[in-house]
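Single-structure report; data block below.
The values are calculated or read from the model by the stated rules, or taken from the named source; none is laboratory data. Keep in mind the model is a prediction, meaning the values are calculated, not measured. Cβ sites come from the backbone with ideal geometry, for glycine too, and all protein chains shown count toward neighbours. These accessible areas exclude ligands, DNA and RNA; they are computed on the full protein's heavy atoms, side chains included. Shrake-Rupley method; radii C 1.70, N 1.55, O 1.52, S 1.80 Å.
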Amino acid sequence: MSVVNPKHFTRVTSDSHWLSLPVREIWNFRDLLVVLTQRDVKLRYKQTWIGIFWVILQPLVAALIFAFVFGRVANLQSDDNVPYLAFVFAALLPWNAFSGALQRAGGSLIASSQLISKVYFPRLIIPMAAALGVLVDFAVSLVVMLIILVLSGYAFTLNLLALPILLLITLINAIAIGTLISALSVYYRDFTYALPFLIQVWLYASPVVYSADIITGPLRPLYMLNPMVGIISGFRWSFFGGGAFPLGEVALSAVFGVVALIISLLVFQRVEQSFADVV
């Protein structure tokens with residue numbers, strides 16, 4: 001029986017303290033972040049017949065179904081008499097970006113187990129790259145939304161300049177929650193199985209098929225803790241106008257995202273040292 005000398009092995013780890021945020025380390029590996037993001041986008045549509053057109057079909061078909069079921073059958077009303085199809089699609093635009101980034105990031109570490117166990121790099125790059133891959137889908141869906149906007153009789157206004165800020169808040173929230181779930185899923189696979197259910201429930205807890213204004217009374221403050229409420233309200237304001245910008249709601253979504261991101265990064269750094277041993 002041979003004995004392996006432990007001196008022949010070098011353990012490569014991050015030099016960041018678990019109470020620090022890995023901003024500099026992520027910046028140093030920014031090229032890898034770009035490469036992994038491109039890889040995830042290419043793999044998503046590789047060997048598909050219609051490729052990127054799935055990005056158009058999925059939200060458009062969902063919007064048509066919602067418009068029929070909730071707009072015609074249930075007779076739900078939109079804000080300021082906005083055509084219901086445009087009203088729903090304007091909400092699906094940020095929702096699909098959020099849910100897609102959350103779902104991809106949540107299972108990214110398990111899907112990249114071979115990469116994690118072979119070479120060192122900031123593990124946080126994996127869920128971040130998976131989440132950022134939704135930007136391509138968002139860009140294509142945004143073009144569809146602008147076409148719907150024109151066909152619905154709306155003109156482009158300066159309100160559209162708020163979209164980049166709203167998208168950033170959406171990604172911050174998705175990356176924060178997705179990063180936390182991805183880290184916990186390495187140790188408890190229950191989070192991976194629960195994530196689709198969580199997203200489905202979150203969809204109907206967000207004002208996608210209805211107006212956020214219908215939630216009133218004592219439930220309103222609790223409802224506003226959902227960060228997608230402010231984000232969706234902000235997107236609809238950007239496209240349709242109608243009153244003042246929902247600054248309070250959007251600010252609450254931004255605060256929620258920043259706090260969630262800090263917590264998830266601290267937890268992630270606390271547990272990432274043993275990822276290669278567990279995944």
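One decimal place: the segment residue 120-residue 26 gains 32.6 nm when fully extended, by the rule 0.36 nm per residue minus the C-alpha distance.
Going by average Cβ density within 10 Å per residue, which order do the peptides 175-187, 28-40 take, highest to lowest?
Numbers: 175-187: 23.6, 28-40: 15.2.
The peptides rank, most packed first, as 175-187, 28-40.
Note that the stretch 96-102 has calculated 3J(HN,Hα) couplings of 5, 5, 5, 5, x, 5, 5 Hz, one per residue in order, obtained from phi through the Karplus relation 6.51 cos²θ - 1.76 cosθ + 1.60 (θ = phi - 60°); glycine and proline are x.
Of the residues 23, 88, 199, the one whose Cα sits farthest towards the positive end of the charge dipole of the chain is 23 (charges of +1 on Lys and Arg Cβ, -1 on Asp and Glu Cβ, taken about the Cα centre).
For the stretch 89-169, what does the relative contact order come out to in percent, with C-alpha contacts under 8 Å and a separation of six or more?
On the way: 40 pairs, mean separation 30.9, N = 81.
For the stretch 89-169, the relative contact order is 38 percent.
The distance from the alpha carbon centre of the stretch 208-279 to that of the stretch 58-96 is 21 Å, rounded to a whole number.
Suppose every K and R has +1 on its Cβ and every D and E has -1 on its Cβ; what is the size of the dipole of the chain about the Cα centre, in Debye to the nearest 20? Could you put the intermediate results ahead of the total?
Values: 16 positive and 12 negative charges, 144 e Å.
It works out to roughly 680 debye.
Show me 113-122, 99-108, 202-211 ranked by packing, highest mean number of other Cβ atoms within 10 Å first. The partial results should precede the final answer.
On the way: 113-122: 13.0, 99-108: 24.0, 202-211: 18.7.
Top of the packing list down: 99-108, 202-211, 113-122.
Evaluate the relative contact order of the chain (contact order divided by residue number), counting alpha-carbon pairs under 8 angstrom at least 6 apart; express in whole percent.
Details: 330 pairs, mean separation 71.9, N = 279.
Result for the chain is 26 percent.
On a full-extension model of 0.36 nm per residue, what is the gain between residue 45 and residue 165, subtracting their alpha-carbon distance, rounded to one decimal in nm? Could you put the intermediate results ahead of the total?
Working: separation 120, 0.36 × 120 = 43.20 nm, distance 2.76 nm.
Full extension of this stretch gives 40.4 nm more.
Placing +1 on each Lys and Arg Cβ and -1 on each Asp and Glu Cβ, with no other charges, gives the stretch 156-279 a dipole about its Cα centre of roughly 140 debye. Protein heavy-atom accessible surface, 1.4 Å probe, per residue over the stretch 51-142: 42 Å².
Of the residues 165, 233, 134, the one whose Cα sits farthest toward the positive end of the charge dipole of the chain, with +1 on the Cβ of Lys and Arg and -1 on the Cβ of Asp and Glu, is 134. Leaving out ligands, DNA and RNA, what percent of the accessible area of the stretch 124-279 is carbon and sulfur, probe 1.4 Å? Solvent-exposed carbon and sulfur of the stretch 124-279 make up 77 percent of the total.
With a 10 Å radius around each residue's Cβ, average the other Cβ atoms per peptide and rank 151-157, 167-173, highest first. All intermediate terms of the calculation are to be shown ahead of the outcome.
On the way: 151-157: 11.1, 167-173: 21.4.
The peptides rank, most packed first, as 167-173, 151-157.
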